[in-house]
């Protein structure tokens, strides 16, 4: 009950309830106390395609699927213990059965939260690979041009990061609240492929929403007064 009330308050405060926000499917589920919600697509705004076909509310996303959002579009979906907010102009590919622990951000922006399992999840971006467990993270990927970069914020949890252009710069680290965002580059003319960054384009309310959809609290909840994000 407490989680449900807090989620509804967070959704309303973030403008995510009603026709302009998160779909009625989610708000109705939360109002009825169904936390976590059922797997599948819970918000569609604008043009959203799954495997080159128009997506539909409630549609399951699984191994081998490709989710594409058009300009000004957005999708929120749940897969098992994980939840995703995929922003506009983004392409994400989930691994097939043989590699279902992997998903690839081809281009665009995605906020994700992952359940705590013994299995490591691997995220491929254009500039490297990221291994995670029990994590919240935000990614922006500019694509595969030589000058392109990937943005990665480990909002909380642990990650193993390996830049493709400089595997020797591998980092294994943990954060609790957006402590170490960074840009990852492929430009070998640069002195380093990993460069510190700021916190951009994602919020604690969005993380709270995603964690709440799978029946969890973000670890920073109740610990950070007057959150900056």
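If you split all Cα-Cα distances of the stretch 75-177 into 10 Å bins from zero, what percentages do you get per bin, shortest first?
15, 52, 31, 2
Calculate the length of the line joining the C-alpha centroid of the stretch 71-96 to that of the stretch 196-210, in whole Å.
Taking the Cα centre of the stretch 196-210 as reference, the centre of the stretch 71-96 is 15 Å away.
Grab the beta carbon distance between residue 81 and residue 142, set R0 = 25 Å, and tell me the FRET efficiency rounded to 0.05.
With a Förster radius of 25 Å, E is 0.30.
Label point 7 Å out from residue 172 along Cα-to-Cβ: which residues of the stretch 74-113 have amide N under 11 Å?
none
Could you check the spin-label model distance between residue 60 and residue 201? Points 7 Å from the Cα along Cα→Cβ, value in nm.
The modelled label-to-label distance comes out at 3.2 nm.
Once you have the alpha carbon radius of gyration of the stretch 56-96, what is it after dividing by 2.2 N^0.38 Å, with N set to its residue count?
1.11
Translational D (Stokes-Einstein, µm²/s) of the stretch 39-212 at 10 °C and 1.306 mPa s when Rh comes from the Kirkwood sum over C-alpha pairs?
For the chosen part, D equals 98 µm²/s.
If you rank 112, 101 by fewest surrounding Cβ atoms within 10 Å, what's the result?
The fewest-first ordering by Cβ neighbours comes to 101, 112.
Compute the length gained on full extension between residue 187 and residue 158: take 0.36 nm times their separation in residues and subtract their Cα-Cα distance, giving the result in nm to one decimal.
Contour length minus Cα-Cα distance gives 7.9 nm.
Apply 1/(1 + (r/R0)^6) to the Cβ-Cβ distance of residue 53 and residue 120, taking R0 = 41 Å, and write down the FRET efficiency to the nearest 0.05.
About 0.85, to the nearest 0.05.
How high is the relative contact order of the stretch 39-212? Use alpha-carbon pairs under 8 Å, at least six apart in sequence, and give a whole percent.
After rounding, I find 14 percent.
How would you rank 116, 109, going from fewest to most other Cβ atoms within 10 Å of each one's own Cβ?
116, 109
Just want the ordering: 123, 110, from fewest to most Cβ atoms lying within 10 Å of their own Cβ.
Fewest to most other Cβ atoms nearby, the residues stand as 110, 123.
Just so you know, all these numbers are worked out from the coordinates, no wet-lab data involved. Predicted model, so just to flag it, every value in this text is computed and none were measured. So basically every Cβ, Gly included, is an ideal-geometry build from the backbone, and we count neighbours across all protein chains shown.
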